[in-house]
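Undergrad: Pasting a structure here, questions to come.
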Amino acid sequence: MSSTAKTITFGILTTVAAAVCVRLGLWQLDRLQQRRTQNAIVTERGVAPVLSVADLRGQDTSVTHWRRVRVDAVADYEHELVHATRTQNGSPGVHLLTPVHPLDGSWGDTAVLVLRGYLYAADGRTVDFGKARESDTLHVETLLTSFPPVRAGQARMQSSPRAMRLLNPDSIATLIGRPVAPFVLLVLGDTTMTDITRPSRVPPPPITEGPHLSYALQWFSFATVFVVGFLAFTRTRRK
């Protein structure tokens, strides 16, 4: 292959590589904009008036997601579950999921799932449910969150009958023997763990822009390196 052909080939490869890097950088900027839009929604809903559990009946969860909700309900500790293999501050544990029945009866036989907090568990699934109980009637402020997207696989852990590997509402409904509301209410409060047998509240997801801007700058830098490298190569060839 002649030197001219090699230069042309190198130029084509450089152009393709730089174009890919630029495209990835633009993708990260798009992700950043989406994140900023989401953050604005979360912030706006965080300062909106507190809803009652009854207000959620028939509502689209995409509209009420991240709204604060006041819960006054009877806890069904007998059907309590855990979301296994969770961590908090680097410690292994579980998230405690408690079905509740609102005092106003607005949800009928449907159970509303409340994430009461984090519990330490050395194996990531086994806890003492009895010691983790609070009052029979809960009066708490919560944050409305959605169930995660359904994933393939066994939702329930075979090694622990009350531990869920995946938060699947249909599997949870089958396990507790009644329908489940299409959302999870995250109890707000003190996230400090003072007693490993008692639940500490799980902090809400932080409102940050994430690493998207730094990733975009990295991709644009890679594109610049490719282009500058090619120009330096061709200049050297000419000399």
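Undergrad: Region 50-187: percent of C-alpha pairs farther apart than 22 Å?
TA: That fraction is 34 percent.
Undergrad: I've got another one for you. Suppose a student asked you for the relative contact order of the chain, using Cα pairs under 8 Å spaced at least 6 residues apart; what percent would you report?
TA: Relative contact order for the chain comes out at 25 percent.
Undergrad: To continue, here is another question. For 94, 228, 100, what's the fewest-to-most ordering of other Cβ within 10 Å of each Cβ?
TA: 228, 100, 94
Undergrad: Rounded to whole Å and ordered largest first, report the semi-axes of the equivalent ellipsoid of region 119-170 derived from its Cα gyration tensor (root of 5λ).
TA: Each semi-axis is √(5λ); the values are 23, 19, 9 Å.
Undergrad: Around residue 76, with a cut-off of 15 angstrom between Cβ atoms, what is the net charge of the other residues, counting Lys and Arg +1 and Asp and Glu -1?
TA: Taking every other residue near residue 76 into account, the sum is -2.
Undergrad: Rounding to the nearest 20 debye, state how big the charge dipole of the chain is about its Cα centre with +1 on each Lys and Arg Cβ and -1 on each Asp and Glu Cβ.
TA: Around 1820 debye, computed over the chain.
Undergrad: Listing 187, 16 from the residue with the fewest other Cβ atoms within 10 Å to the one with the most, what is the order?
TA: In order of increasing Cβ crowding within 10 Å: 16, 187.
Undergrad: Also: Estimate the FRET efficiency between residue 57 and residue 133 by the formula 1/(1 + (r/R0)^6), using the beta-carbon distance for r and 22 Å for R0, to the nearest 0.05.
TA: Result of the calculation: an efficiency of 0.20.
Undergrad: Hey, what number do you get for the chain at 222 nm if only DSSP H runs of n ≥ 4 count, each worth -39500 (n - 2.57), divided across all residues, to the nearest 500?
TA: -12000 deg cm²/dmol
Undergrad: Taking the number of other C-beta atoms within 10 Å as the exposure measure, put 164, 193 in order starting with the fewest.
TA: So the residues, fewest neighbours to most, are 193, 164.
Undergrad: Any chance you could check the Cα centroid distance between region 179-239 and region 126-148 for me, in angstrom?
TA: What the calculation gives is 30 Å, centre to centre.
Undergrad: A further question follows. What net charge do the residues around residue 210 carry, taking every other residue with its C-beta under 9 Å from that of residue 210, with Lys and Arg at +1 and Asp and Glu at -1?
TA: Taking every other residue near residue 210 into account, the sum is +1.
Undergrad: Label point 7 Å out from residue 225 along Cα-to-Cβ: which residues of region 2-23 have amide N under 15 Å?
TA: Answer for region 2-23: 14, 17-22.
Undergrad: Could you work out the local net charge near residue 28, counting Lys and Arg as +1, Asp and Glu as -1, over the other residues with Cβ closer than 14 Å to its Cβ?
TA: Taking every other residue near residue 28 into account, the sum is +2.
Undergrad: If you don't mind, there's one more thing I want to ask. For the chain, what is the per residue volume of the convex hull drawn over the alpha-carbon atoms, in cubic angstrom?
TA: 182
Bear in mind these aren't lab numbers, they're just calculated from the coordinates by the rules spelled out. Here the structure is a predicted model, which means the values were calculated and not measured. With ideal geometry, Cβ positions are generated from the backbone for all residues, glycine too; neighbour counts draw on all protein chains shown.
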